[in-house]
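The values are calculated or read from the model by the stated rules, or taken from the named source; none is laboratory data. On a predicted model such as this, the values are computed, not experimentally measured, just so you know. Because the Cβ atoms are built from the backbone with ideal geometry, glycine has one as well, and the counts that use them run over all protein chains shown. Just so you know, the surface numbers come from the protein's heavy atoms only, side chains and all, with ligands and any DNA or RNA stripped out. Shrake-Rupley method; radii C 1.70, N 1.55, O 1.52, S 1.80 Å.
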Amino acid sequence: MGKGTDKLYITHSEWASSDAYSASAARMSPKKLPTPFKHPVCTPEGTIFDVEVISQWLENHGTNPVTGKPLKDKDLIKLNFARNGDTDAHDGGGGAGDGKGEMVDPVTFKVFTDNTHIVAIRHGTEANVFAWETVERLNVKAKMWMDLVDDREFGRSDIITLQDPQNVESRDLSQFKFLKEGEIVRSKEQEEERLKGSVNIDALGRVGEKVLRAKEAVERARKEREAGGDVNRAKAITKSGSSTSMAKPSMLQEKKVAYNAAQYTTGKAAASFTSTGLTPETSGERALLTDEEYMLRPKRVKIKGYARIETNLGSINIELQTETAPRAVWNFVHLAKKGYYNGVAFHRNIRNFMIQGGDPTGTGKGGSSIWGKNFQDEFDGPLTHDARGVMSMANKGKNTNSSQFFITYRPAKHLDRKHTIFGRVVGGLDVLTKLENAPVDGSSRPISDIIMENVVVFVDPFEEFQKQKREKDETEKEKAEVLKQGGTEDDKTTWTGKRIRGDGKIIQAASGGVGKYLKAVTDTTGETGVKEDAYGEEPVKKKIKSGGFGNFDGW
């Protein structure tokens, strides 16, 4: 291991030298900044997107996929990257020169890497991209507020940070909103590559044509299998021209995905691949969410909840917004059912602003959620503090919701996207006026305690959701059983030929062959046996109608 020796260690002098054994050589060279975009744009916060991908996302969602905040096309800023290749410095990072060259600072021509502090200087709807050290040295310290590329004026507020190597949180993918929700967005080229597959047909020469034909044959076979045909006999049936043979159902059935399947796998396949102590797993099975995790996804439960807060001054009826704030509603409903709010006083009451409560200690510093820890904010919905009687979670900062809440006395737009709105007052506005007019001391604490005697939950939206889901599952199960037996929901036919109507009435189905004669004999005799004189009577002849053209049987 040592320099020209068999020793299994490296000396200090070898480690400190400038050759291949040095510490500087052991360090990995900085990676180049990845450029998965052709026409880069960014948000005012500095998040970079490709204009094609972000336009598709905004058309469907209208939010920033990283933060979840509302975002519009007009908010996007075009980025002008300079390159050290044949492309123009203002082609948007990959225009006329087909993306040749590396992205560089337009003044010092230093190549951008993962460790470069990159900023953009905004001019309306576009911005020029520089290294921060260039802007700091030539603009900020020199107090020369002119763009170094096109001499346009700018201010300190026009400097947007695109990449800060010291800010590790900005690269934490686990905090990206669209990854939390399991959303996937691909560009047209990525979608075409995904459909095309991972085989480079052009590099295989003549073999590539065979591979391409094989892929087309597999695709046709898959379509035929999905249509319910037998792939192996399809060609034989076509050549023979047989029309009587029926297509056999496919023996390959796709595994039905569970309703609560997550966007990620259980990780057993990867764990068994790297560990000999685990049973080998060859398939990536999707993880299953608990009922609570499944229902607490935004816009999953759209049933509104209803509750009543009974105070010593009267009762207030609350409508709970489950669709936009499922976690806050779940927390409030379960704390109320638990009796957590019973006997708790409102510790803060500010006239013409709001009243706050939910702290069992009465100090405004206590309280705990149903999970025993703070939970995150929910700002996805369109709700705002735009009216009297809006009910929101009180907090002491970002993602610090617990048990405390407040009810507004007037619109408070400055609280939007700072406090999670999860309800509104729909009854008892006169009681809300009494609460507002209650006398308080200098610290906005009611002189006479305003106590929540009881919180009654009339409609638990999550129980209603589970109830509707159980009913839906039972209905689908019954339909599946009926289809499995070859009948329909209204007309179920058993293997004996009896039809069971929806009202439970049993009807004997008409049968063919010998059975119809036996049934006719049974109807005439009224017994299972056949009487001897049953054949002795002559059948009654039909009366020939007179008039008209008569009977043509003799022709």
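Accessible area, 1.4 Å probe, largest first: how do 347, 117 sort?
Largest to smallest exposure gives the sequence 117, 347.
As a quick test, which of the pairs 69/256; 256/418; 223/477; 177/472; 302/484; 215/472 have an alpha carbon distance above 29 angstrom in this structure?
69/256; 256/418; 177/472; 302/484; 215/472
Write down the radius of gyration of region 282-348 and its Dmax, each obtained from C-alpha positions, in Å.
In Å, with Rg to one decimal and Dmax whole: 16.6, 64.
For residue 288, enumerate residues with amide H under 5 Å from its amide H, sequence gap 5+ or separate chain, H modeled in the peptide plane.
262
If you take the charge dipole of region 254-387 about its Cα centre, with +1 on Lys and Arg Cβ and -1 on Asp and Glu Cβ, which of 313, 385, 360 is farthest toward its positive end?
Going by the charge dipole, the pick is 313.
Say each of residue 212 and residue 315 gets a label point 7 Å from the Cα, pointing the same way as Cα to Cβ; how far apart are those two points in nm?
Those two pseudo-labels are separated by 7.5 nm.
Kindly sort 39, 334, 385, 419 by accessible area of their heavy atoms, largest first, with the probe set to 1.4 Å.
So the residues, ranked largest to smallest area, are 39, 334, 419, 385.
So, for region 339-452, what is the accessible surface per residue at a probe of 1.4 Å, expressed in square angstrom?
47
What part of the accessible area of region 298-428, given as a whole %, is carbon or sulfur when the probe is 1.4 angstrom?
Heavy-atom surface of region 298-428 belonging to carbon and sulfur, 1.4 Å probe: 48 percent.
Take 319, 310 and sort them by solvent-accessible surface of the protein heavy atoms, 1.4 Å probe, largest at the top.
310, 319
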